[in-house]
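Student: Structure provided below as structure tokens; questions to follow.
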Amino acid sequence: MLTIQELNEIKKKKEKLVAVRHHRNDNTPNESGYKYQVLVCGGTGCTSSGCKGVVAALRSEIAKHHLENDVRIVTTGCFGLCALGPIMIVYPEGCFYSAVKAETIPEIVEEHLIKGNPVKHLLYQQTVCDDGSIKSLDETDFYKKQLRVALRNCGVIDPEDIEEYIATGGYQALAKVLTEMTPDDVVQTLLDSGLRGRGGGGFPTGRKWAFAKASVSDQKYVCCNADEGDPGAFMDRSILEGDPHSVLEAMAIAGYTIGANQGYIYVRAEYPVAVQRLMIAIDQAEKLGVLGDNIFGTDFSFRIELRLGAGAFVCGEETALMTSIEGHRGEPRPRPPFPAVKGLFGQPTILNNVETYANIPQIITRGADWFASMGTETSKGTKVFALGGKITNVGLVEIPMGTTLREIVEEIGGGVPNGKKFKAAQTGGPSGGCIPAEHIDVPIDYENLIALGSMMGSGGLIVMDEDNCMVDIAKFFLEFTVDESCGKCTPCRIGTKRLYELIDKITSGKGEMEDIDKIKELCAYMKSTSLCALGQTASNPVVSTMRYFMDEYIAHVQDKTCPAGVCKELTSFEIIPEKCKGCTLCARNCPVNAISGKVKEPHVIDKEKCIKCGMCMNNCKFGAIVKK
Amino acid sequence: MYKEPAIPFRGTKEQEQELTAFIAAHKDEEGVLLPSLQKAQEIYGYLPIEVQTMIAKGLDKPLSEVYGVATFYSQFSLNPKGEHRISVCLGTACYVKGADKIMEGLEARLGIKCGECTPDGKFSLDSARCIGACGLAPVMLVDDDVYGRLTVDELDGILAKYRG
């Protein structure tokens, strides 16, 4: 058993080691015991771009120069700037190396770690000033407007070392709750903080806990929803990979508050790194005694088990998730009874999402007022977004509620690449909607997004430019929901399919104006009659694109054209004879031999044969082929 | 609907023992069916009807229930996978960057549709729902190797590496 005093001793022992990683080119003394600490991002994004090779190269160079006692290598969770991976930061200076290659490691070790001169040409260029000085990462466009609360330890600590978590104040909140607070105090603190569910719905977390606390039962459960199924979203994964203990700690706090001794984390099997780090974290927490029996010498005991999701989007819905943990097809159940009354295995249960949990330890230690001081009137704190699509800085960002979409896209995200024009951003994934350019200055919070016909969702934010067809995007999301509808209720099972067929008819150029009315009617029925949120919100991408981009729908139906040139049936390729040099490259690349013409004479595309693959246009060196 | 697989079941005694041992150890835990199917797929690589029958018998559940759960979740496959498993991410970030073109390109080159396996058993092709490497979109996985910022032109070269 671990006492609070022992917890504080671990904190004291490791504090200085971790403190240096908050240095940003200032003159705070480095008391970490190492001359340098090299932090390499080990998140999924950087792993995909080759960070393991970088770490291996670092280890071998450091061994070669006998620097083991001077340099500490730490594999961390996500830094956020996935587009520039693999990412590496060297402390105490805080030098940010981006797109690191194993081949350049000898140079970095030799110049920076041995001679003390940062290798400027390999640094993230935004951190190198015109006069050659190096500026802090916090001053770059990507990080300047961010505020890291849920992600505070991601990219700072080694997620596989519980002592590093403790060094940053980890498990202090649990200690405080168990020894100084009653369950009612915890609920009140959460209510005062204004924290709302980060998984999409935005239900006040304190109220949810109060309901489960009020239910009378010998057995209650605490569940964590880590079944992040929204395609294009990776917030929860990054938290689990970068700071798994924050979730475990919050779940234990939840257990104490509602009177549960058992927790379950339902995590996607598709997230092997997150699963691995969670297993390590649970194991370390049990060994140390911050999970298990009689935590900190109190009579509170709490254990956590992992359950692996098997790939079903509907399992993100709370009742479906519980049905799945029980070992069945993950089909939702009607509510009421709500999980707080009758949830997992028929017992009172609370279910929160990963990001919600990650906020809670800090709300306890820093206070409800601190949390409530961030954000807007109705939405407090911060929100993590996974920025993707047509944006320069693809990655993970955390911003205070109330930040505008323009700040996210243009400043943090670095704008739309290739000089293209911003068209819309999709939030809330297949359950959400799009925010068009005309509303780019609206502050982001729960209410504003709903008023715009979208929703906060779990945090996927996909940027689309002028080359994306909004009807096609609506079709893409519907195809997803058709596939993921569990089939239990008719409005969703059949509704999504019929809706998909209607949209498909329009993108194939066979749409009629009355189809648009049919679509609107069907969307309304699905919304009002589906059993769970999946069916109720499945029509949102259609309703929202119709609201802002009806002209595109009408162009598809009446003019039989796709303004963005995406829908194949409605586009055609043509060669401009004046520009064609007759080089024959297009004809040679055409997979169906649809292009004919003599050498040095303008070529012609046979539209009957053309399959509109675009190979000709991609290969033409003279810009002589256009898509209409 | 159940379709007889083209490739016959070739399970070994050792595999069966491993599965039976797992079931015996966890039989009485609540919600054990899903972990059992996950274990079985880990052992056999897929869940043919023979394996589902073993699980149904071991857990004393109707085969229909086992089949119902096995077909509900996309992680489970009733068909064997190729020697090299290709999955193309069709998550939103990859889709807006043209992942559909990559999928079409692979289907054309391999002569199979998404979800199928080449007749020689060399490649199977699937779609993935977002592997979280959105920064590298569009992305595909061949076994555990990630190929990011893909163009259709690169596909022949990548496939050649695995044809060996």
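Each value in this text was obtained by applying a stated rule to the coordinates, not by laboratory testing. These numbers come from a predicted model, not from an experiment. Every residue, glycine as well, gets a Cβ built from its backbone with ideal geometry; the counts of neighbours run over all protein chains shown.
Student: Would you mind ranking A:D551, A:D131, A:D185 so that the residue whose beta carbon has the fewest other beta carbons within 10 Å leads the list? Kindly include the intermediate steps, with their values, before the conclusion.
Tutor: Values: A:D551 10, A:D131 5, A:D185 14.
Exposure proxy ranking, most exposed first: A:D131, A:D551, A:D185.
Student: How big is the range A:564-617 in terms of Cα radius of gyration and Dmax, in angstroms?
Tutor: Over the range A:564-617's Cα set, Rg and Dmax evaluate to 10.9, 32 Å.
Student: For A:G389, which sequence-distant residues (separation of 5 or more, or a different chain) have an amide H within less than 5 Å of its own amide H, given hydrogens modelled in the peptide plane?
Tutor: Amide H neighbours of A:G389, under 5 Å, 5+ apart: A:V463.
Student: Related question: Quickly work out the B:V142-to-A:D467 label distance, labels modelled 7 Å from Cα along the C-beta direction, and quote it in nm with one decimal.
Tutor: Spacing of the two 7 Å Cα→Cβ label points: 2.5 nm.
Student: Looking only at Cα atoms, what is the convex hull volume of the range B:1-96 per residue, in Å³?
Tutor: On the way: hull volume 12.4 nm³, N = 96.
Spread over its residues, the Cα hull of the range B:1-96 gives 130 Å³ apiece.
Student: Using alpha carbons only, how many angstrom separate the centre of the range B:33-56 from the centre of the range A:271-328?
Tutor: Rounded to whole Å, the Cα centres lie 23 Å apart.
Student: Helix-only mean residue ellipticity at 222 nm, chain A, DSSP H runs n ≥ 4 weighted -39,500 (n - 2.57), per residue, nearest 500. What is it?
Tutor: On the way: 23 runs with 234 residues, N = 628.
That calculation yields -11000 deg cm²/dmol at 222 nm.
Student: Of all beta bridges DSSP finds with both residues in the range A:16-109, what is the antiparallel percent, to the nearest 5? Provide the component values of the computation, followed by the final result.
Tutor: Numbers: 7 of 13 bridges.
Counting only bridges with both partners in the range A:16-109, antiparallel ones make up about 55 percent.
Student: Multiply the residue gap between A:R207 and A:K581 by 0.36 nm, knock off their C-alpha separation, and tell me the result in nm, one decimal place. Working shown, then result.
Tutor: On the way: separation 374, 0.36 × 374 = 134.64 nm, distance 7.05 nm.
Gain on stretching A:R207 to A:K581: 127.6 nm.
Student: At 37 °C and 0.692 mPa s, what whole-number value in µm²/s does Stokes-Einstein give for the translational diffusion of the range B:84-163, with Rh from the Kirkwood sum over Cα pairs? Please report the intermediate quantities before stating the final value.
Tutor: Numbers: Rh = 12.2 Å.
Approximately 269 µm²/s, per Stokes-Einstein.
Student: Please list 3J(HN,Hα) in residue order for the range A:534-543, calculated via the Karplus relation 6.51 cos²θ - 1.76 cosθ + 1.60 where θ = phi - 60°; whole Hz, with x for glycine and proline.
Tutor: Values, residue by residue: 4, x, 5, 10, 4, 7, 3, x, 6, 4 Hz.
Student: With 39 Å as the cut-off, how large is the P(r) tail for chain A, expressed as percent of Cα-Cα pairs? Please list the in-between numbers first.
Tutor: Values: 73938 of 196878 pairs.
When all Cα pairs of chain A are counted, 38 percent exceed 39 Å.
Student: Going Cα to Cα from A:K383, which lysines come in below 22 Å? Please leave out same-chain ones fewer than 8 positions away.
Tutor: Within reach: A:K144, A:K145, A:K208.
Student: A further question follows. Semi-axes of the equivalent ellipsoid for chain B, please: Cα gyration tensor eigenvalues, times 5, square-rooted, ordered largest first, whole Å.
Tutor: Numbers: eigenvalues 221, 60, 36 Å².
Ellipsoid semi-axes (Å, largest first): 33, 17, 13.
Student: Sticking with this one: So if R0 is 30 Å, what FRET efficiency would B:R109 and A:E501 give, r being the distance between their Cβ atoms, rounded to the nearest 0.05? Don't skip to the end; give the middle numbers.
Tutor: Numbers: r = 30 Å, r/R0 = 0.99.
My answer for the efficiency is 0.50.
Student: Just the Kirkwood number for the range A:382-465, please: inverse of mean 1/r across all distinct Cα pairs, in Å, one decimal. Working shown, then result.
Tutor: Values: mean 1/r = 0.0817 Å⁻¹.
Mean inverse Cα-Cα distance, inverted, gives 12.2 Å.
Student: Sticking with this one: At a threshold of 8 angstrom on Cα-Cα distance, excluding pairs fewer than six apart, so keeping six or more, what relative contact order does the range A:150-229 reach in percent?
Tutor: Details: 32 pairs, mean separation 11.7, N = 80.
Taking the mean separation of contacting Cα pairs over the length of the range A:150-229, I get 15 percent.
Student: Then there's this: If you average the alpha carbon positions of the range A:516-589 and of the range A:412-491, how far apart do those two centres end up, in angstrom?
Tutor: Result: 15 Å between the Cα centres.
Student: Considering all alpha-carbon pairs of the range A:397-440, what whole percent are spaced by more than 11 angstrom? Please list the in-between numbers first.
Tutor: On the way: 664 of 946 pairs.
The answer is 70 percent, as a whole percent.
Student: Among A:I73, A:A57, A:I10, which residue has its Cα furthest toward the positive end of the charge dipole of the range A:7-140, with +1 on Lys/Arg Cβ and -1 on Asp/Glu Cβ?
Tutor: It is A:I10.
Student: With both bridge residues required to lie in chain B, what share of the DSSP beta bridges run antiparallel, to the nearest 5%? Can you show the working numbers first?
Tutor: Details: 7 of 13 bridges.
Restricted to chain B, the bridges split so that about 55 percent are antiparallel.
Student: In Å and on Cα atoms, what radius of gyration and Dmax does the range A:162-371 show?
Tutor: Computed over the Cα atoms of the range A:162-371, radius of gyration and Dmax are 15.6, 44 Å.
Student: Run the numbers on the range A:382-465 and let me know its relative contact order in percent, using alpha-carbon pairs under 8 Å that are six or more apart.
Tutor: Details: 175 pairs, mean separation 31.4, N = 84.
It rounds to 37 percent for the range A:382-465.
Student: Enter the Cα centre distance for the pair the range A:49-107 and the range A:599-618, rounded to the nearest angstrom.
Tutor: 48
Student: Now, a different point. Taking every Cα atom in the range A:491-553, find the radius of gyration and the maximum pairwise distance Dmax, and write them in Å.
Tutor: Reported Rg and Dmax, both Å: 11.2, 33.
Student: By a straight-distance test (C-alpha under 19 Å), which lysines pair with A:K510 as possible cross-link partners, with residues fewer than eight away in the same chain excluded?
Tutor: A:K475, A:K497, A:K518, A:K520, A:K560, A:K568, A:K607, A:K612, A:K628
Student: Shifting gears a bit: Please give the contour-minus-distance gain from A:E180 to A:K12: 0.36 nm per residue of separation, less the Cα-Cα distance, rounded to one decimal in nm.
Tutor: Details: separation 168, 0.36 × 168 = 60.48 nm, distance 2.15 nm.
Gain on stretching A:E180 to A:K12: 58.3 nm.
Student: Share of antiparallel DSSP beta bridges in the protein assembly as shown, in percent to the nearest 5?
Tutor: Working: 40 of 74 bridges.
Just about 55 percent of them are antiparallel.
Student: Scan around A:L306 for amide H atoms under 5 Å from its own, H built in the peptide plane at 1.01 Å from N, and keep only partners 5 or more places away or cross-chain.
Tutor: For A:L306, the qualifying residues are A:I265.
Student: Where does the Debye-calculated log10 I(q)/I(0) of the range A:7-140 sit at q = 0.11, 0.20, 0.21 Å⁻¹, using only Cα point scatterers of equal weight, no solvent?
Tutor: -0.37, -1.25, -1.36
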